[in-house]
Structures are given as C-alpha cells and as structure tokens.
Amino acid sequence: MRYDIVIIGGAIVGSSIAYYLREEGFSGSIALIERDPQFAHAATTLSMASIRQQFSIPENIRLSQFTLKLFRRLKEEFGADADIGFREGGYLILAGENGLPILRANHEAQIAEGADIVFEDAEQLTRRFAWLSAEGITAGAYGRSGEGWFDAHAMLMLFRKALRAKKIDFITADVTGIARQGDRVTGVGLDNGDKLEAGTVINAAGPSAGKVAALAGLALPVEPRKRNVFVFEAREKYADMPLLVDPSGIYVRPEGSVYLTGGAEPEEGDGPADPKDFDVDWPLFEEVIWPVLATRIPAFEAIKPTRAWAGHYDYNTLDQNAVIGPHPQVRNFLFANGFSGHGLQQAPAVGKALAELLVHGGYRTVDCSAFGYERVAEGRAFRELNVI
C-alpha cells in the first residue's frame, strides 16, 4: 500500500492536519494511523480541555486565537448540530511579588495581540471575585472573553466525523518502524506486519512523538509526562469562577456542579512517564492541592474529592513549546509535537498551518516558522513562560 501522506497519530492534532489538508485542496491519498481508536489514553481526551490567550509568546497566542475563531463558527464549519459545550469562563492567572514582572510582560504581549485580558491588583481582584483570598497575591491577569473550557471528546469527534466524508483511510495499528533512504523517509511499518509506502510522513504522535522520531533516526526532545486531575464537590457554587491558576501552579475550575483541580506534580523529579502508568497519585490532592485551595478560596476548606484520572501529555524538554514543520535535512518528515499541555487548543491552527505548507509551499494563516525544528538541532530554546 502506498500513500502520499501518512499521519502517525489520529487524535486531535493528526485529525486536524488530515481535515485541513482536504480543506486546502489536497487530493492525494492520506492514511491516518491511530493505535488507540477509542482514545481511552489519548492526551486529547484526558486533558483539561481549555483554551486561553494568556501566553508569553505572540505565536502561541495566535495559534489559540485561530482555534477561538473556529469555535465562534463551529456550526458553519461542521454543521447545525456541532456543539462542544464551550463555556467562556476565562482564565485568572495570579502572581505574587516575585512573579509580577513576568505576569506584566506576558500581559503586554497579549494586549499587543488583541487579547481581552485585564491586569488587576489584589484589591481589584477581590472586588471582582468576592470568594477570592488575595493572601500572598500582588496582581492577576483575567481573560474577560476568548478563554474558557469545552468538551474535548466532542471536539475530536467533530473532526473525526468530518474526515469520513473526505476519503481518509483510518488505520488502527502501532507504528513499529520507519524506513529511510538517505535524506528521505520512504514508509512505515506497523505492528500487524503491514508496510506502508509514504511520500510524506507527519509525526502527530503526542506523548509518543519522541519515540516515533527515533524510529526515523531523528532526535526529538519530547517525552510523556504524567498529570493528575481531581474532581471534588463543594457546598458553594461560584458561577463567576474562571479557571484560576495559583502562583504555586495549582489550578481549579468549575465543571457543572463540581470542580476540577490539578497542577500538583513537583518539578523536582518530574520525568518521563511509564507509558502504562495511568494510576492516580491521590496523595497529591490531600497533601498539596487541598491546602492551596483552602488558602486561595476559604470556602474550599470543606470539600469532598469524588474521583480522579491521570493522563500523559507531550512535554518538550527543551523549551516547553511546540515543534512544527519539516526536518531541515529529512524534508518529507514533518513534526507536530511537543505542545507541553496546550496541544488541544492549538491543534486546529497547526493542522491549518501544515496543510498550507504542504499544499501551497508556505504558511499563510498562522506563521509557524518560529516553532521549526532548526532550534532543536541547535539546542536553542524558544521558551514559553506560561506553561500550566
């Protein structure tokens, strides 16, 4: 079997690339390979499913702004029944005295890109949010619009359903080898014994992206990192609560009648996850998260944890930023990897960008040149400071 384009990874990044290839007029054959067709362990469906414009780098802001525009015209794009439950609740990122310069610089970058983010001191914040304690807080940045959360599985299914009418071959398999002749990849081998010839191979393998690149003899500093999300109940329901990020890194947001929280994993000792480890680290809730929540939102001193899940995401150890575009030597091997926690919200933009690159020979809508592999080869970090 021969395909013009083989995409490794069929979750939101790979599906977005396939979708926009057809939208941009690509008529060649496309294979979309996914080893977990139920997406039970996919970073897409196990994520916190949120979107923000509060980044430190303009290019990251632009990627999310593309997806936000897609959310605004979802029914026009995918049909009258399209709904991902997007709730525009905003982000509230808090900082103490030490974090103030970075918060302020980030805010200036966001305003320059047209984001609706307000910068407020502690007194202003407690007036805006009566439930908030400003203990240890100097200021915060609040997204009044253009930020919030949604149903990740619903979003993925919109793309997957749309692909069924676009002549995409869905292949359920694990990629076990990538054939290469000099400066070109020529095909992929699957765990079922099949071999696919390929004109172009795109790595959209999420947390496994580093291993997939290695199959082609290429180095990619992306590894799976385990993250825990906890669900809890509280007597108080705060309809005006945004996704709040404490200076400690702990975050919390409402989800219907309950709340979701996480961000407790310590930086020290944080390393690659066992690909089979999806066990919840419950002590993180009791020992790390709860005390922070009780301090920041005093009413949360009395809460009841109900359930939790653990997932893996694709962490770029170089600079916590995406790697997008072709390898400088092996030009027909392309990357869409290393989003470090914001892949879901940026996937449609990246799909559009790579489709434009392949069909038209260059980026048109969102310029992703800054995310190119060249910086990886040079060991030159292009660092995103607002990683949650």
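The values are calculated or read from the model by the stated rules, or taken from the named source; none is laboratory data. All of these numbers come straight from a predicted model, not from anything done at the bench. Glycine also receives a Cβ, built like all others from the backbone with ideal geometry; neighbour counts cover every protein chain displayed. The area values use the complete protein model at the heavy-atom level, side chains included, leaving out ligands, DNA and RNA. Shrake-Rupley method; radii C 1.70, N 1.55, O 1.52, S 1.80 Å.
Side notes on the structure shown:
- Residue in the range 176-185 that is of a type outside the set (Val, Ile, Thr), open to solvent by 10 Å² or more (accessible area, probe 1.4 Å) and in contact with a helix residue (DSSP H, G or I) (Cβ under 7 Å, 6 or more places away or on another chain) present: yes
- Taking the range 297-354 as the range and being on the phi > 0 side of the Ramachandran plot and among the aromatic types (Phe, Trp, Tyr) as the test, no residue passes.
- Checked against (1) under 28 Å from Val229 (Cα atoms); (2) charged (D, E, K, R); (3) open to solvent by 20 Å² or more (accessible area, probe 1.4 Å); (4) touching a residue at least 60 places away in the same chain (Cβ under 8 Å), Asp314 meets all criteria but (3).
- Counted residues, the range 1-52 - those being in contact with a helix residue (DSSP H, G or I) (Cβ under 8 Å, 6 or more places away or on another chain), open to solvent by less than 10 Å² (accessible area, probe 1.4 Å) and farther than 30 Å from Val229 by Cβ: 3
- Tally of residues being without any contact (Cβ under 8 Å) to a residue 60 or more places away in the chain and either within 17 Å of Ile17 (Cβ to Cβ) or part of a loop (DSSP other than H, G, I, E, B) (or both) across the range 33-67: 3
- Among the criteria (1) closer than 12 Å to Arg52 by Cα; (2) open to solvent by less than 50 Å² (accessible area, probe 1.4 Å), the one Arg144 does not fulfil is (2).
- Residues in the range 333-371 that are in a loop (DSSP other than H, G, I, E, B) and open to solvent by 10 Å² or more (accessible area, probe 1.4 Å): Gly341, Gly361, Gly362, Tyr363, Arg364, Thr365, Val366, Asp367.
- Criterion (farther than 29 Å from His107 by Cβ and at pLDDT 95 or above) met by exactly one of Gly362, Gly338: Gly362
- Subset of the range 331-353 (residues that are among the hydrophobic types (A, V, I, L, M, F, W, C), more than 15 Å from Arg62 (Cβ to Cβ) and touching a strand residue (DSSP E or B) at 6+ places or on another chain (Cβ under 7 Å)): Phe333, Leu334, Phe335, Ala336
- Lone unmet requirement of (1) modelled with pLDDT of 95 or more; (2) open to solvent by less than 70 Å² (accessible area, probe 1.4 Å) for Asp81: (2)
- For the range 191-211, a residue qualifies if it is in contact with an Asp or Glu (Cβ under 7 Å, 6 or more places away or on another chain) and of a type in the set (A, V, I, L, M, F, W, C), and exactly one does: Ala209.
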